[in-house]
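I have placed the structure first, in the form of structure tokens, so that the comments after it can refer back to it.
The values are calculated or read from the model by the stated rules, or taken from the named source; none is laboratory data. Just so it is clear, the model here is predicted, and its values are computed rather than measured. Positions of Cβ are backbone-derived with ideal geometry, glycine not excepted, and every protein chain shown enters the neighbour counts. Ligands, DNA and RNA are stripped out before the accessible areas are found, and what is left, the full protein with its side chains, is counted by its heavy atoms. Shrake-Rupley method; radii C 1.70, N 1.55, O 1.52, S 1.80 Å.
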Amino acid sequence: MNTSPAIRLSGLRKTFGSLTAVDGVDLTVNAGEVIALLGPNGAGKSTTIDLALGLARPTAGTAELFGGDPRAAIREGRVGAMLQGGALLPTLTVAESVALVASAHRHPLSVAEALERARCTEIAKRRVAKLSGGQMQRARFAVAVVSNPDLLFLDEPTAAMDVEARRTFWLSMREFTDQGRTVVFATHYLDEADAYADRIVMLARGRVVADGTPAEVKAVVSGRRIAATAGFAWTPEVAAALGALPGVRSVDQRNGRLTIVSDDSDATLRALLAAHDDLHDIEVTAHTMDDAFLALTESRDDATAPTPHTLSEGALR
Amino acid sequence: MSIAYLGRESLRQLKNMRAMIFTLAVPLVMLLAFGGTFGGRGQVDAVTHLPWIVVTTIQVSAYGGMMAALSQAFNIVTERSLGWNRQLRVTPLTGTGYLLSKLVAALALALLSIVVIVGVSIALYHPVLPAMSWMLACLAIWAGVVPFALLGILIGQFAKPEFAQPLFMAVFMGMAVLGGLWIPLQIFPAWVANVAQAVPSYWLNRVGQLGALQSGDALTPALVLTAWTLALGALIVWRYRRDAARG
């Protein structure tokens, strides 16, 4: 049996002119894993998927699927994908689309089977131009699984889906992964990543900023943010002292406005107020995922900010 | 290379009724207009010594075949803008295979177009010409359509969606007018007829006439059409390699 990992990305970089879309991604995905690539728009999720599939050439680094060239794995029909901006032909029916792609593969599933797996049987004869957003994604899923792949890339598969369509979609995804196959899906919904992935890889600005189990990554994303206007002077000593307060994960200051991300906002706030009586307009808000991304990326760019230290070993890269 | 895919792609395009009607409508209207005017009264063309209706039918068939082949440009541009070709890149189909599928589809559409036009002409105007001559005329035009299929593919590779329509029209009109597929070249100044000698559409019409005559100098048209085929093929390969290297 082939024991090579399903995906191995090493030192992967991709620049478009002056823009660096992917900036040194190392990632190994073992067969049978279900991975969420989590990140805001522009984090490099789609480019990473393109590079892994060999659809784009890396500026530096390598991408391997099943221990070899991605193209070889695709030729063998081991890889399926729902790509960003990979639409179907509007004049064809769903069944015709699946049949057309199946005819390009060497050992495809029967069209009926692929439609069945993607829950497309009842929309098989409908024209692609007439599909709703959710039906369209299901049709694209049918096209992606028609080669009976071992590895599936799904780039924001539930975009444009309502709640019910989303549930149905993940149901068919589950059936697919229950057979021990590997899935990589990109999303910017933490709840989706949490519910369906074994492992979450967070990307921001083209880099892996966190990689761990959903519990580990959720710990990064959770927490609260304390914001206040500071009446005192901002010095590195003050920053270090604030960073040492109980529960504090990161400290930032802009235009006299102080922002602290904390895992225990009650303890932090008590200590903070005890140390400083010249704070005004104090706000405590839930720390959003965007904040987490920002905190994780800024800590790498900005040497004065404290490094996030609450991630468990192995979760922080 | 998947033969099944090539077949399915051609079949899909043939079944696209709207596109087929669009492809066939103009040449059929031309045939009815010219044929109805000068129709079955058996006049003989002074230059080719073929019945006038045969000359017209061949001219319109060349026009129809050319249009069917060139229209691959739209298929490729549309598929590029939709991202369908990206989806196909996650299959064993190679880039070459994709382009080949378009060439095969172009030839399938062109053949259908030629056969329909000749068929309608025979049914309506009963032109006097041996069956063998019709066969040769159709085959010659069909073979001569290859450089136009390549030209359509090249436009498809180059053109941005918003630019495809005007570019297609410019190329198509130029080919139709300079090749004498719309209006006989005799009514133009002599220099136009000289320019026409370099244009593949002129020779596309000519090979059809030679097929119908079953005689004449086939070497010059063969050379010109082959030269166009090789040059366009080289451009397509160059463009394809450049795109692949950019990735």
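So, in segment A:63-98, of the ones that are part of a helix (DSSP H, G or I) and either closer than 18 Å to A:Phe141 by Cα or β-branched (Val, Ile, Thr) (or both), which residue ends up farthest from the other protein chains (Cβ to nearest Cβ)?
Step one: list which residues in segment A:63-98 are part of a helix (DSSP H, G or I), which gives A:70-75, A:94-98.
Within this subset, residues satisfying the condition of being either closer than 18 Å to A:Phe141 by Cα or β-branched (Val, Ile, Thr) (or both) are A:74, A:94-98.
Numbers: A:Ile74: 6, A:Val94: 14, A:Ala95: 12, A:Glu96: 7, A:Ser97: 9, A:Val98: 11 Å.
Looking at residues that are part of a helix (DSSP H, G or I) and either closer than 18 Å to A:Phe141 by Cα or β-branched (Val, Ile, Thr) (or both), I get A:Val94.
What do you reckon, is A:Leu109 away from chain B (no Cβ under 11 Å) and either of a type in the set (Val, Ile, Thr) or assigned to a helix (DSSP H, G or I) (or both)?
Values: away from chain B (no Cβ under 11 Å): yes; either of a type in the set (Val, Ile, Thr) or assigned to a helix (DSSP H, G or I) (or both): no.
Considered against the rule, which asks whether it is away from chain B (no Cβ under 11 Å) and either of a type in the set (Val, Ile, Thr) or assigned to a helix (DSSP H, G or I) (or both), A:Leu109 comes out as no.
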Kindly provide the set of residues from segment A:138-167 that are in a helix (DSSP H, G or I), more than 18 Å from the chain's Cα centre (by Cα) and closer than 20 Å to A:Gln84 by Cα, ordered by number.
-> A:Arg138, A:Ala139, A:Arg140, A:Phe141, A:Ala142, A:Val143, A:Ala144, A:Val145, A:Ala165
Residue count, segment A:136-191, condition of a type in the set (Asp, Glu) and within 14 Å of another protein chain (Cβ to nearest Cβ), comes to 3
Starting from segment B:1-22, keep only residues that are closer than 18 Å to B:Ala68 by Cβ, then list their pairs with residues that are at pLDDT below 90 and aliphatic (A, V, I, L, M) whose Cβ atoms are within a distance under 9 Å, requiring at least 6 positions of separation or different chains.
-> B:Gln13/B:Ala19; B:Gln13/B:Met20; B:Leu14/B:Met20
Being more than 16 Å from A:Ala241 (Cβ to Cβ) and among the basic types (Lys, Arg) is the filter here, so list the residues in segment A:256-270 that pass it.
-> A:Arg257
Looking only at segment B:170-186, which residues are modelled with pLDDT under 85 and either open to solvent by 60 Å² or more (accessible area, probe 1.4 Å) or under 16 Å from B:Leu70 (Cα atoms) (or both)?
-> B:Trp182, B:Ile183, B:Pro184, B:Gln186
Of the conditions (1) outside any helix (DSSP H, G or I); (2) within 20 Å of B:Pro51 (Cα to Cα), the single one that B:Arg206 does not satisfy is (1)
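How many residues, within segment B:17-57, are surrounded by fewer than 17 Cβ atoms within 10 Å (Cβ to Cβ) and in a loop (DSSP other than H, G, I, E, B)? It would help to see each step written out before you state the result.
From segment B:17-57, those surrounded by fewer than 17 Cβ atoms within 10 Å (Cβ to Cβ) are B:17-18, B:21-22, B:25-26, B:29, B:32-33, B:36-38, B:40-47, B:49; that's our starting set.
Keeping just the survivors that are in a loop (DSSP other than H, G, I, E, B) gives B:42-43, B:45-47, B:49.
Qualifying residue count for the region: 6.
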Sort through A:Asp198, A:Asp264 and tell me the only one that's at pLDDT below 90 and open to solvent by 20 Å² or more (accessible area, probe 1.4 Å).
-> A:Asp264
If you take the residues of segment A:36-62 that are on the phi > 0 side of the Ramachandran plot and over 14 Å from the mean Cα position of the chain (by Cα), which of them is farthest from the other protein chains (Cβ to nearest Cβ)?
-> A:Gly61
Does A:Glu33 satisfy the condition of being among the acidic types (Asp, Glu), away from chain B (no Cβ under 13 Å) and either open to solvent by 10 Å² or more (accessible area, probe 1.4 Å) or closer than 23 Å to B:Ala244 by Cβ (or both)?
-> yes
Would you be able to tell me the number of residues in segment A:215-246 that are in a helix (DSSP H, G or I) and under 23 Å from the mean Cα position of the chain (by Cα)?
-> 7
Check segment A:116-124 and report whether any residue there is open to solvent by 60 Å² or more (accessible area, probe 1.4 Å), part of a strand (DSSP E or B) and away from every other protein chain (no Cβ under 13 Å).
-> no
Within segment A:136-148, can one find any residue that is closer than 19 Å to A:Leu89 by Cα, touching a strand residue (DSSP E or B) at 6+ places or on another chain (Cβ under 8 Å) and either free of Cβ contacts under 8 Å to residues at least 12 places away in the same chain or basic (Lys, Arg) (or both)?
-> yes
Hits in segment A:177-195 (condition: crowded, with 23+ Cβ neighbours inside 10 Å and either within 15 Å of A:Leu151 (Cβ to Cβ) or of a type in the set (Phe, Trp, Tyr) (or both)) = A:Thr182, A:Val183, A:Val184, A:Phe185, A:Ala186
When you look at A:Asp26, is it under 20 Å from the mean Cα position of the chain (by Cα), open to solvent by 20 Å² or more (accessible area, probe 1.4 Å) and farther than 15 Å from B:Val90 by Cβ, yes or no?
-> yes
State which residue is nearest to A:Ala60 (Cα to Cα) when the search covers only segment B:193-247 and only residues that are polar (S, T, N, Q) and open to solvent by 30 Å² or more (accessible area, probe 1.4 Å).
-> B:Thr229
Out of (1) surrounded by fewer than 14 Cβ atoms within 10 Å (Cβ to Cβ); (2) under 20 Å from the mean Cα position of the chain (by Cα), the odd one out for A:Ala129 is which?
-> (2)
When A:Ala43 is run through (1) part of a loop (DSSP other than H, G, I, E, B); (2) closer than 24 Å to A:Ala193 by Cα; (3) open to solvent by 10 Å² or more (accessible area, probe 1.4 Å), the failure sits at (3)
